[in-house]
Amino acid sequence: MIFRDASLPESIHDLRDGEKIEADSATLIAVHTPGHASDHLCYYLVEEKALFTGDVVLAGSTTVIPAGDGDLLDYMNSLKRLQGLEVRRIYPAHGPVIEDGPGRIQEYIEHRLMRERQILTALGDGLATIPELVAKIYADVAPALHRWRRSRSSHI
């Protein structure tokens, strides 16, 4: 999806939300899923009820919401939108196939809501800086990795 990418080659075909790519016995539908990136598209394979999620849903870890082009509210709305599709299986950009697509999407939503509650609790306890929040929320993670979390605070 050409969005903020003015320098892409002219040969790039600009796909938009809802557009179909059809082949013999296969229909892919582009699904605009901003959040991880403003121009992110997933592809829904109608005949298989399969979803190619790129970096929106991964196997084995949660998705980074980078500063700059990422947006957590857009991301949560994208996950809710994906819940509305009849998905069985997910093919992520990283990791193995996810056999329980709906379950994994729900896990992602619950994880983000849990992090939000943890942040609100920590703020209510008087913590005010990102390093303080990271130390509290990631108490079970080696302190050497806390610096990485602080530099990617949108991933919290």
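Where a number appears in this text, it was derived from the coordinates with a stated rule and is not lab data. All of these numbers come straight from a predicted model, not from anything done at the bench. Cβ coordinates were reconstructed from backbone atoms using ideal geometry, including for glycine residues, and neighbour counts include every protein chain displayed.
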Charged-residue dipole, Cβ positions (Lys, Arg, Asp, Glu), segment 20-155 about Cα centre, Debye nearest 20: 440
Report for the chain the percent antiparallel among DSSP-assigned beta bridges with both residues inside it, nearest 5. 75
In what order do Ser7, Ser61 fall by count of nearby beta-carbon atoms within 10 Å, going from fewest to most? Ser7, Ser61
Got the relative contact order for the chain handy, in percent, Cα pairs under 8 Å and 6 or more residues apart? 16
In deg cm²/dmol, rounded to 500, what helix-only [θ] at 222 nm does the chain give when every DSSP H run of at least 4 residues adds -39500 (n - 2.57) and the total is split over its residues? -10000 deg cm²/dmol
Relative to the longest principal axis of the C-alpha atoms of the chain, give the angle of the C-alpha long axis of helix 72-83, reported between 0 and 90° and rounded to the nearest 10°. 50
Calculated over the chain: convex hull of Cα atoms, volume per residue (Å³): 131
Any aspartates and glutamates with Cα under 14 Å of the Lys80 Cα? List them, leaving off those in the same chain fewer than 8 positions away. Glu107, Glu110
0 to 90° range, to nearest 10: angle between helix 101-124 axis and the chain longest Cα axis: 30
Excluding residues fewer than 8 positions from Lys49 in its own chain, the aspartates and glutamates with Cα under 18 Å of it are Asp17, Glu19, Glu22, Asp24, Glu86, Glu99, Asp100
Listing Ile105, Ile29 from the residue with the fewest other Cβ atoms within 10 Å to the one with the most, what is the order? Ile29, Ile105
